[in-house]
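This report refers to the structure that appears directly beneath it.
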Amino acid sequence: MSDGPSLSRVSDGPSHSRVSPVSGTDGQAGRRVVGIVDTDSFAKWGAHLLSAAPRDWSLELLVVDTPRTASPAQLRAAFRGLDDRLAHLAATPPAPLTVDAIVDRLRCDPPDAVLVSTIGPVAELLIDEVHRQVTPRPVLLTGLPGISFPAKWKGVFSRARADLFVLHSHREVRAYDAMATENGVVPFFALATLPFAARPGHSLTAQPPADHDATHTPDSVVFAAQPSVPESEADRARVVAWLAETARRHPSWRVVVKTRAVAGEHQTHRETFPYADLLPADAPPNLVVETGPMAVHLDRAVALVTISSTAVLEAAARGIPALTLTDFGVHRSLINEVFVGSGLEGDAIDLVDGRFGVVHPDWMTDNYFHPDSDDDWADRAEAAMAARDAGTLVDRPSARRSHGGALRRAWERKNTLGAADRTAIGRVALAIGAPVRTAKRLARRVRRMVVPPEPTAVGAPTSQRTGVLPGATPTAQAEPGLQAVDREGASVDGARDGQQQLVTGRDAG
């Protein structure tokens, strides 16, 4: 991973004049840092990362207005559990501002640093606008929320001009370092503990967060839904069928389909087939669909199940048993490659049986549960701000090889902001660019039909029944349609009354 707080790995470019640090919230010399967020997951990540920043940083958070900006309800959920510098946002999220309004604020009073926590096209636009319009330029921080393995070039491409790119595991930093180098981008990646996976002492039996709700006895199996994983309607309907069968088998459990949006709200990734629309008419009454902060649902969870949601790391940090379903295989498109060897992999039969896993200790250090002392993002951000003070902060080049001048910038802006961009040049760029984009998409679609892409599977489905923990009691029957397994005449009584052991020594009730 990247070395300490050094700024040695920066590209040649123009530098910026010296400025002095401002006073922090405690009255002592500190740094002023502004965060900019948009969608639900980026709002949660950006706010919680800043909340974990050094105490002498004075913090401000802005919401940028785009076609996919989170709703006030989504923002309130995202901002739950922040420290005292940002805690007020959970009650009163900031109103969205246009890109131009945000850039004007930064230009009038440049902060020491700006955290750009937005989807890629918005991040590229904001980073470019700050480079062009804000003097002295703030240090530009950026990153990706949650699980970012394997490395994705699009994430780097749109953020290449930022000074620091925050990731959350040693494995991710290595992968992104290699990808950036391969594509001619000087690595700029730093490590931070995943901010909302609270885990004092990094124990598998970590204490709950400070805002833990202890009013309910744990009674829920929480399914952390994802808007585009799996993608097809048929596969998502299969997941719903498994959850419904789990609810029938365990009537004392609430089986919660925890979604990130209600009808009409946007998400970081578009959702074509919402789970709420796929529930069968005869769904058991203990199968429910709910939104709200994941932390609230984990307060009541006896276990968590998902395909590959970052919520599984939040559960593991609390010592809550979990399951990552591998029935659809292990694919890069499913974002579940990182869980190979984690101890959390399983299938629908495990889910229906009530059999969940715990994280293998030898998987943890390289994957999101490293010691706090390994984190270097704040130190490297401080070093970059010191370079800004000294006038030695240099601009990183764009990864975009074809710039296209003002018309290209107008096209990218219009494509990113949609109706929020009301400029005349944006309308001209749209009239020229939209037919070109349509033709390119059609050509790609035809090419995929003629030459199908190579299969992306990197692993086969995995079961918790391989090396079942002592004391685990499987149910006697599988859900109709599930792969049959040898049950050896096991009793179903334990599962039906909710007392089956999820893992050794932990009862569902």
Suppose we filter the stretch 333-363 for residues that are more than 22 Å from Trp242 (Cβ to Cβ) and either open to solvent by 10 Å² or more (accessible area, probe 1.4 Å) or of a type in the set (Gly, Ala, Ser) (or both); how many remain?
5
Considering only residues that are open to solvent by less than 10 Å² (accessible area, probe 1.4 Å) and of a type in the set (Gly, Ala, Ser), look in the stretch 226-263 and name the one that is farthest from Ala281 (Cα to Cα).
Ala247
Checked the stretch 364-377 for anything outside any loop (DSSP other than H, G, I, E, B) and buried (at least 18 other Cβ atoms within 10 Å of the Cβ); matches are Met364, Trp377
Working only within the stretch 340-358, note down all residues that are touching a Gly at 6+ places or on another chain (Cβ under 9 Å) and farther than 29 Å from Pro251 by Cβ.
Val340, Ser342
Would you mind stating whether Ala237 is closer than 30 Å to Trp253 by Cα, over 23 Å from the mean Cα position of the chain (by Cα) and at pLDDT 85 or above?
yes
For Gln226, all conditions in the list (1) modelled with pLDDT of 95 or more; (2) touching a strand residue (DSSP E or B) at 6+ places or on another chain (Cβ under 8 Å) hold save one; what is the number of the exception?
(1)
When (1) surrounded by 21 or more Cβ atoms within 10 Å (Cβ to Cβ); (2) over 26 Å from Trp363 (Cβ atoms) are applied to Ala281, the one that fails is (1)
Taking the condition of being touching a helix residue (DSSP H, G or I) at 6+ places or on another chain (Cβ under 6 Å), not in a loop (DSSP other than H, G, I, E, B) and not polar (S, T, N, Q), how many residues in the stretch 69-105 meet it?
5
Unique residue being part of a helix (DSSP H, G or I) and touching a residue at least 12 places away in the same chain (Cβ under 8 Å) when the list is Leu304, Leu334, Leu323, Leu351
Leu351
Report, ordered by the first and then the second residue, all pairs with beta carbons closer than 6 Å, sequence separation of six or more or different chains, a first member in the stretch 358-380 that is hydroxyl-bearing (Ser, Thr, Tyr), and a second member that is outside any helix (DSSP H, G or I).
Tyr368/His168; Tyr368/Ser169; Tyr368/Leu194
Would you check if there is a residue in the stretch 321-332 being basic (Lys, Arg) and buried (at least 22 other Cβ atoms within 10 Å of the Cβ)?
no
Top-ranked residue in the stretch 388-408 [being part of a helix (DSSP H, G or I) and more than 30 Å from the chain's Cα centre (by Cα); ranked as surrounded by the most Cβ atoms within 10 Å (Cβ to Cβ)]
Asp389
Taking the condition of being over 18 Å from Leu126 (Cβ atoms) and either part of a helix (DSSP H, G or I) or open to solvent by 10 Å² or more (accessible area, probe 1.4 Å) (or both), how many residues in the stretch 41-68 meet it?
8
Could you please find all residues in the stretch 420-453 being surrounded by 12 or more Cβ atoms within 10 Å (Cβ to Cβ) and part of a loop (DSSP other than H, G, I, E, B)?
Asp421, Thr423
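The values are calculated or read from the model by the stated rules, or taken from the named source; none is laboratory data. Just so it is clear, the model here is predicted, and its values are computed rather than measured. Backbone-built Cβ (ideal geometry, glycine too); neighbour counts: all protein chains shown. Only protein heavy atoms, including side chains, enter the accessible area calculation; ligands, DNA and RNA are left aside. Shrake-Rupley method; radii C 1.70, N 1.55, O 1.52, S 1.80 Å.
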